[in-house]
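Some notes on the structure that comes next.
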Amino acid sequence: MANSQDAYYLSLLALAERFRTQEPANIKACLQCLQAVLHVRPTPKVEGRTHLQLANMLIQYTHNSQLARDHLEQAWNLSMNIAGFDDVRFEAACELAKLYEQSGGSSHAKALLRRATELSRQNVYWHCRLIFQTAVGGIFYLVFA
């Protein structure tokens with residue numbers, strides 16, 4: 001049986017999804033629910049995934065790229081300490097590299113993509129996706145030179 005922390009977490013996620021999918025979507029309330037998840041002291045996996053969800057929502061629905069970047073950096077850092085957390089780790093890396101590029105931080109983007117590509121060698125999907133993103137971003141030769 002789920003403890004009260006799990007119940008809070010699941011309830012907040014369900015509420016966030018409800019706000020996101022209603023017509024019209026209530027993005028502010030959705031973001032508030034996701035933020036509230038972080039105040040419940042979730043497990044590192046839940047915290048990392050929530051930071052990633054918050055960042056994706058901020059990127060898609062707001063112009064607050066700095067806050068999105070902060071959440072992506074937290075998701076990336078948390079994922080580094082959790083074995084088998086590839087989806088969060090590499091999606092955060094992909095999105096974070098895009099934000100770095102958009103804000104003129106191509107050296108940060110290159111370093112991040114280089115590190116993520118090294119870590120993804122055992123995961124064919126993410127390895128190929130990261131290489132492709134690097135190539136499309138026009139920095140392929142700079143990263144792998």
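No value in this document is a laboratory result; all are computed from the given coordinates. Quantities reported herein were computed from a predicted structural model and do not represent experimental measurements. Cβ placement follows ideal geometry from the backbone for every residue including glycine, while neighbour counts extend to all protein chains displayed.
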Could you state, as a whole-number percent, how many of the C-alpha pairs of the range 43-104 are farther apart than 12 Å?
-> 60
Would you list Lys28, Lys110, Lys98, Lys45 from fewest to most Cβ contacts within 10 Å?
-> Lys28, Lys45, Lys98, Lys110
Lys98: which aspartates and glutamates have alpha carbons under 20 Å from its alpha carbon, excluding same-chain residues fewer than 8 sequence positions away?
-> Asp70, Glu73, Asp86, Asp87, Glu118
Multiply the residue separation of Ser103 and His39 by 0.36 nm, subtract the distance between their alpha-carbon atoms, and state the gained length in nm to one decimal.
-> 20.1 nm
Relative contact order of the chain, defined on C-alpha pairs under 8 angstrom at six or more residues apart (%) | 13
Would you please put 50-63, 114-127 in order of how densely packed they are, using the mean number of other Cβ atoms within 10 angstrom per residue and starting with the highest?
-> 50-63, 114-127
Can you work out the base-10 log of I(q)/I(0) for the chain at q = 0.12, 0.17 1/Å, using the Debye formula on its C-alpha atoms alone?
-> -0.53, -0.95
With axes computed from alpha carbons, what is the tilt in degrees of helix 44-61 against the longest principal axis of the chain, rounded to the nearest 10 within 0 to 90?
-> 80
In whole Hz, what ³J(HN,Hα) sequence does the range 8-14 give by Karplus (6.51, -1.76, 1.60; θ = phi - 60°), x for Gly and Pro?
-> 4, 4, 5, 5, 5, 5, 5
